[in-house]
Every structure is written in structure tokens, then in C-alpha cells.
Amino acid sequence: MKKFERQTKRRTIKLISFIAATTFAVAGVLPAAAANSDCISTPTLDKAHQTTDLSLGEGVKAQSWQWEPGSDSQKASVSSLGAKVSIVTGNLRHITFGVLHQGIPRSQDLRVLSNSNVKSMGSLNGDYFDSSGPWSAMIQDSQVLYSPPGQTGVVGLSRRKVVETKGYRSTGTLTIGTRKFNITGVNQPTPGGTSLVVYKKNYVQDVTPKGQTTLVLKDGKVFKVYPSGEAISSRSATVIQVKGYLAPIIAKLKAKSTVKISLPPVPEFEDSMSADNVSASGSISSQSNTLIFDAVNYTNLSASSSTLFDSNFRNPTRAGRATLRIVPDITGKLFVKNVYRYGYQAKVDAGGYILQVSGSSAVSTALKFKAGDEITLSRAFQAQSNHQFVTAAGRGPRIVQGGKLIWICAQHNKEHRPRSAIGWNQDGQVWLMTSSRGYDAFDFGYRQGGSTSSQMAMWLMSLGATDAVLLDGGGSTTMQINKPDVGWQRFDLPDSAWWRELANAFSIDRKN
């Protein structure tokens with residue numbers, strides 16, 4: 001009992017600190033100008049400080065930048081103990097995004113988690129956690145794998161039905177005279193940092209976003225070139241918005257040049273990175289009774305309803321005020337095996353389920369079930385902004401949204417610490433990022449060095465991210481890369497540095 005009380009106290013203290021650190025970011029108390037004026041300056045990720053630029057295959061890169069302890073770091077406004085910024089980046093055209101775990105509530109270091117998925121190319125620590133498991137939901141194969149009761153914040157891969165007017169990633173070719181350029185998207189509201197997006201007459205907004213260079217096409221020819229970009233309507237003409245290295249090249253094109261656009265068919269679905277808040281829901285039903293649950297594989301149990309446990313939960317469950325044990329028969333149909341009126345600590349049977357019931361109303365309903373009842377099980381999750389997640393796990397606060405810094409520096413601790421973040425843009429580019437000391441050091445189990453949260457945001461924006469979230473940091477900050485012909489190596493710090501076991505992690509994976 002005392003152990004549980006200590007764990008609860010530690011979690012409460014950590015939760016209070018987390019809420020205090022993020023409340024103002026959500027509330028938006030200060031205007032953006034006030035927020036930015038109080039941020040510590042951010043050094044550029046320049047060639048002089050770059051230490052790694054490595055291809056991991058499938059278009060995935062591992063890159064790092066190091067500021068040395070002492071005057072180099074102090075001049076850059078990062079930790080005087082040193083700062084190493086590490087990224088693994090790839091595009092969803094070629095890769096996918098995964099969540100690594102070894103069941104609930106087990107923890108493991110990132111080396112072991114990374115080795116558990118043969119498709120993984122780079123990995124990063126995940127959600128905040130304690131001895132009871134992650135703080136937020138986990139979703140895998142579009143099904144909620146783990147969830148405390150109520151809403152929790154997640155980040156991951158979501159799938160949406162493509163609506164052409166609202167935009168999508170694409171391939172294709174823009175041919176102007178004898179020159180060919182690769183198209184990256186159609187009607188996208190927030191194109192990536194290196195992109196060439198076609199805006200058709202059916203674009204949902206009144207005007208297109210502004211590129212670094214803009215072309216207006218009419219009657220199969222270049223009608224007008226805006227070398228510095230222009231946000232204009234596409235109602236009467238096709239508009240091309242260009243960002244990145246192609247912008248100055250296309251800016252030199254001449255009006256009246258012949259143009260041809262070649263696009264593949266509009267895809268039915270598109271996978272994108274998203275951040276949202278989700279909650280679990282579900283029920284078991286017999287011929288005459290239905291019992292609702294609002295938590296899945298949650299160690300501490302839902303206090304007001306019921307908690308469903310499946311084979312992903314590796315320990316015996318805690319006893320509720322009533323317990324239902326559900327097992328399959330040889331055909332796969334589910335039946336109530338036992339009803340424990342006063343609760344029972346139990347391990348989940350292979351292919352079966354345990355329902356631990358706590359809320360008074362739920363207990364009353366649970367006791368109406370009888371051994372031998374055939375049941376049907378329904379489980380789902382609801383996302384606040386309706387994202388249909390394929391794979392997701394817990395996140396911290398947003399730091400970049402819609403291409404803007406939303407981290408209010410005036411209301412947050414600006415301590416330099418190891419930090420972890422994920423950034424992305426609508427063109428499908430994904431960045432896993434850490435900041436750390438960069439060197440192994442005797443630190444009494446308390447990681448030092450690194451950056452501020454706003455610096456993480458600014459670095460990700462400089463790389464092309466339009467959205468980003470923080471993850472757990474400090475001693476949890478860990479990154480691994482799968483080097484060709486070498487295997488897994490730690491990337492944020494040397495392999496000799498100590499590891500913290502994690503409840504879960506994120507990975508960039510090969511599609512095939």
C-alpha cells in the first residue's frame with residue numbers, strides 16, 4: 001500500500017509540474033509577439049557545427065550538430081555543458097511511423113524496443129510514464145491498445161479520405177518548355193519547406209497560401225511569374241506555389257512559355273502525422289445486458305466505470321469491485337467464464353479478456369451477467385478533432401502549429417535540458433529530434449546539457465516543420481539509428497551512457 005501511495009504521489013507531483021509548464025501554452029494568455037520576445041535566441045543548424053549527415057536508406061537521413069562545452073555553447077545560447085541536436089527524418093511517401101512497446105505495463109530500454117521491429121530505421125523515446133505505464137493512450141492498427149479513462153493527448157499516423165478541394169500529397173510533373181519539375185502536392189493549405197504545389201480552380205479557400213515563387217497558368221501557358229511569391233485566387237487560373245531550392249529557378253521562367261501538368265489519379269486515402277486528444281470507449285453485450293468500459297489495459301483501473309484487459313496486459317490485473325472473466329471457445333466465440341461478485345485479481349486468458357468493474361452503476365450491471373453468457377465485444381476510440389489514427393501514442397504540449405511558434409516562453413521554464421520532439425509538415429516530412437549534452441558524463445542519474453523547448457521548436461521550423469510536439473525529456477531523452485551494415489547505435493549520446501527504461505517509443509519504419 002505504501003509503495004502504491006509513493007507511486008501515486010510521484011505521479012501527482014510530476015503531473016502538476018507538467019500542467020504548470022503547459023497551461024499557458026494551451027490558454028494562449030500572451031500574444032505571439034510577447035511570447036517570442038522572451039524566448040532565448042536559437043543558433044542556426046549550420047555547416048560549421050554539423051557532425052553527422054548519414055543516409056539510412058529509403059530517403060531517411062540521420063543528422064547532428066554539436067556545440068562544444070564552454071564559450072562555443074555560451075555564445076550560441078545553449079547549455080554551457082554542451083548541446084548536440086540530433087534528427088532522424090524521412091517522408092511518408094517512402095516510410096511509415098510506428099510505436100514500439102513490449103506490452104503493458106512493461107518498460108524496456110530503447111535498444112531492445114528498437115530491435116523488436118525489423119522495419120525500424122530510427123527511434124525516439126515516447127510518452128511520459130510511471131511505474132503504472134504510459135500517461136496517455138496508445139493506438140496500433142487503428143485499435144486502442146491502451147488508454148486511461150478520459151481524454152489524453154497523442155501524436156501519430158492518421159488516415160483520412162482524400163477530398164481533392166482540401167488538398168493532398170501527390171507526384172506528377174510540371175513541364176515548362178523543355179524543363180521538367182516534380183510536383184509534390186495539390187491544393188495543400190500548408191505546403192512543406194521544399195514543395196511545388198498545384199492549386200486548381202476547385203481549391204477550397206479563396207486564395208492560395210503564398211510561396212517563395214508563384215506561377216499563374218492560363219490556356220496552357222505561363223501567364224505571370226511572381227518572383228517573390230504572391231497569395232492569389234485560383235478561381236480563374238491554375239496557380240503554382242513553389243518553396244525551397246526550386247523557387248529561384250522557377251522565378252527565372254518567362255511568361256508565355258508552354259506548360260503541361262501531368263498528375264496521377266487522386267488517391268482515395270492519405271496518411272499524415274497528426275496531434276489530437278483521444279478517449280477510449282467500448283462495451284460487452286449479452287442477449288439482455290450491456291456493460292460499458294472507458295479504459296483499456298490501465299493498471300490503476302477506471303474509478304467510475306470499467307476497465308478492459310486483453311493479452312497485451314502482461315501482469316495479473318488488479319481486482320475491481322466485480323470481475324468478469326471472458327474466454328473464447330474453439331470457434332472464437334466469446335463467453336463469460338466466471339463472474340466474481342467481489343472482484344478478483346486475474347491474468348488474461350489467451351484470446352480472452354478480463355473486465356474489472358469499479359463504478360457503482362457498472363458493478364450493478366456486471367452482476368447481471370452469468371457464466372455461460374455469449375457476448376459480443378465492441379471497442380473504439382474518439383478523437384477530439386476526428387483524426388482516424390492508425391498508430392499513435394502519448395505526447396506533450398504542442399510547440400509549433402500551422403507554421404507558427406505557439407510556445408509561450410514568458411510562461412515557461414527556460415532551463416537547458418535534454419529534450420525530445422516530433423515535427424512534421426503536410427508534404428509528409430517527419431522529424432524525430434533530440435537535444436542533449438552530446439557527451440557521456442558522470443551526472444548522478446540527472447541528465448544535463450541540451451536546449452530550451454522554444455529552441456527545439458525553432459530548429460524544427462528551420463528544417464521545414466509546420467507542426468511539432470514535445471515528448472518526455474530529461475533522462476528519458478534517447479535516440480537510436482539503424483546504421484547500414486552496422487546495426488543499431490545510440491545517436492543522442494555515446495553507447496556508453498546510461499539508459500532509462502521506457503514505457504514506449506516512436507520509430508520511422510520502412511514501408512515494405
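Observations on the structure shown:
- The listed residue being in contact with a strand residue (DSSP E or B) (Cβ under 8 Å, 6 or more places away or on another chain), surrounded by 13 or more Cβ atoms within 10 Å (Cβ to Cβ) and under 25 Å from GLY90 (Cα atoms), out of ALA247, ALA251, ALA237: ALA247
- Exclusive hit being without any contact (Cβ under 8 Å) to a residue 40 or more places away in the chain and farther than 25 Å from ALA465 by Cβ, set SER233, SER147, SER228: SER233
- Filter result for VAL207 (assigned to a strand (DSSP E or B) and either of a type outside the set (S, T, N, Q) or surrounded by fewer than 22 Cβ atoms within 10 Å (Cβ to Cβ) (or both)): no
- Selection of first residues in region 275-295 that are in the same structural domain as VAL469 (by TED's automatic domain parsing) and of second residues that are modelled with pLDDT under 95 and of a type in the set (A, V, I, L, M), restricted to Cβ pairs under 8 Å at least 6 apart or on distinct chains, gives an empty result.
- Residue, farthest from ALA503 (Cα to Cα), within region 132-158, restricted to residues that are in contact with a Pro (Cβ under 9 Å, 6 or more places away or on another chain) and polar (S, T, N, Q): THR152
- When every residue of region 367-374 is checked against the conditions, at least one turns out to be under 39 Å from the mean Cα position of the chain (by Cα), touching a residue at least 12 places away in the same chain (Cβ under 8 Å) and surrounded by fewer than 18 Cβ atoms within 10 Å (Cβ to Cβ).
Residue-wise test of (1) farther than 25 Å from VAL118 by Cβ; (2) small (Gly, Ala, Ser); (3) touching an Asp or Glu at 6+ places or on another chain (Cβ under 6 Å).
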{"site": "LYS414", "(1), (2), (3)": "yes, no, no"}
{"site": "PRO418", "(1), (2), (3)": "yes, no, no"}
{"site": "ILE422", "(1), (2), (3)": "no, no, no"}
{"site": "GLY449", "(1), (2), (3)": "yes, yes, no"}
{"site": "LEU460", "(1), (2), (3)": "yes, no, no"}
{"site": "LEU463", "(1), (2), (3)": "yes, no, no"}
{"site": "GLY475", "(1), (2), (3)": "yes, yes, no"}
{"site": "VAL486", "(1), (2), (3)": "no, no, no"}
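- Scan of region 295-326 for residues that are among the hydrophobic types (A, V, I, L, M, F, W, C) and part of a loop (DSSP other than H, G, I, E, B), ordered by number: LEU301, ALA303, ALA319
- Selection of region 472-512 for residues being over 18 Å from ALA83 (Cα atoms) and assigned to a loop (DSSP other than H, G, I, E, B) yields PRO484, ASP485, VAL486, TRP499, ARG500, GLU501, ALA503, ASN504, LYS511, ASN512.
- Set ARG159, ARG169: member being closer than 20 Å to ASP271 by Cα, within 17 Å of the chain's Cα centre (by Cα), at pLDDT 95 or above and outside the structural domain of PHE309 (by TED's automatic domain parsing): ARG159
- Comparison of ALA295, ALA275 shows that the only residue that is under 23 Å from SER131 (Cβ atoms) and of a type outside the set (Ser, Thr, Tyr) is ALA295.
- Test: residue in region 466-480 that is among the acidic types (Asp, Glu), at pLDDT 95 or above and surrounded by 24 or more Cβ atoms within 10 Å (Cβ to Cβ): yes
- Conditions (1) closer than 25 Å to GLY70 by Cα; (2) in contact (Cβ under 8 Å) with a residue 60 or more places away in the chain; (3) crowded, with 24+ Cβ neighbours inside 10 Å; number of the one not met by GLN448: (3)
- Among the residues listed as TRP407, TRP459, TRP424, the single one being touching a Leu at 6+ places or on another chain (Cβ under 8 Å), of a type in the set (Phe, Trp, Tyr) and buried (at least 24 other Cβ atoms within 10 Å of the Cβ): TRP459
- Restricting attention to region 236-280 and to residues that are in a loop (DSSP other than H, G, I, E, B) and among the basic types (Lys, Arg), the residue that is farthest from TRP431 (Cα to Cα) turns out to be LYS256.
The values are calculated or read from the model by the stated rules, or taken from the named source; none is laboratory data. Just so it is clear, the model here is predicted, and its values are computed rather than measured. Neighbour counts run over all protein chains shown; Cβ positions are idealised from the backbone, glycine included.
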